[in-house]
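S.K.: Supplied in structure tokens, the structure appears directly below.
The values are calculated or read from the model by the stated rules, or taken from the named source; none is laboratory data. Given the structure is predicted, the values throughout are model-derived calculations rather than measurements. Here the Cβ positions follow ideal geometry from the backbone for every residue, glycine too, while neighbour counts run over all protein chains shown. Accessible surface areas use protein heavy atoms only, side chains included; no ligands, DNA or RNA. Shrake-Rupley method; radii C 1.70, N 1.55, O 1.52, S 1.80 Å.
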Amino acid sequence: MKHKFIIINGPNLNLLGKREPEIYGNVTFEDFLPEIKEEFNQCEIEYFQSNHEGFIIDKIHEVGFSYDGIILNAGAYTHYSYAIADALKSVTTPCIEIHISDIYAREGFRSKSVTGVNCIEIVSGKGLNGYKIAMQKMIDYIEKSI
């Protein structure tokens, strides 16, 4: 069975590879995505990025009853978007939250995730490799649920 996943990246993640490379690295997500797709070629993987909260909510609503999993890096919205948290709670598709940097080792406001409470797990501080870790955790979660 081919699982259908979506990776949703939030604000400023379109600047990966340019933005604060000492924290986020120097690889764009568009350059990294083929590596994820190759490693998880048994899955159908879509990608969506937006700097706008409402567009992220709309995408969660669109896929949240028909996809097998959501991998979400909500960026700064992680820390204060109760609207995204409610969207995740409103759908049936499970979500794993991902953070490239270790949100628990940065500024104090970053250590709280209001969106993560509606996710099955949070992967934090593993760099871009965290997306692969989240993908595998989602596959394991789904296969245990079957």
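S.K.: Could you state how much accessible area Val123 has, in square angstrom rounded to the nearest 10, with a 1.4 Å probe and all protein chains kept in place?
M.R.: Rounded to the nearest 10, that gives 10 Å².
S.K.: Could you grab the relative contact order for the chain? Cα pairs under 8 Å, six or more apart, rounded to a whole percent.
M.R.: Normalised by residue count, the contact order of the chain is 25 percent.
S.K.: Also, quick follow-up: Would you tally the net charge around Asn41, using a Cβ to Cβ cut-off of less than 12 Å, leaving Asn41 out, and scoring K and R as +1, D and E as -1?
M.R.: So the surrounding residues net to -2.
S.K.: Between Asp140 and Phe55, with labels modelled 7 Å along Cα→Cβ, what's the label distance in nm to one decimal, could you check?
M.R.: Between Asp140 and Phe55, the simple spin-label model gives 3.4 nm.
S.K.: Also: When the chain is modelled as a GNM with alpha-carbon springs shorter than 10 Å, which of Ile96, Ile60, Ile133 fluctuates the most?
M.R.: It is Ile133.
S.K.: As an exercise, take the mean of 1/r over every pair of distinct alpha carbons in the range 7-55, invert it, and state the Kirkwood radius in angstroms.
M.R.: 11.8 Å
S.K.: So, one more: Please list Asp68, Asp102 from largest to smallest accessible area, probe radius 1.4 Å, with all protein chains kept in place.
M.R.: Asp102, Asp68
S.K.: Rank these by accessible area, largest first, 1.4 Å probe: Ser111, Ser90.
M.R.: Ser90, Ser111
S.K.: For Glu97, what accessible surface area do you get with a 1.4 Å probe? Give it in Å², rounded to 10.
M.R.: Per-residue accessible area (Glu97): approximately 0 Å².
S.K.: Where in the chain are the DSSP H helices whose alpha-carbon span along the long axis reaches 20 Å or more and whose Kyte-Doolittle mean is at least -1.0?
M.R.: 129-145
S.K.: In the calculated pair distance distribution of the chain, what percentage of Cα-Cα distances lie above 28 Å?
M.R.: Tail of P(r) above 28 Å: 11 percent of Cα pairs.
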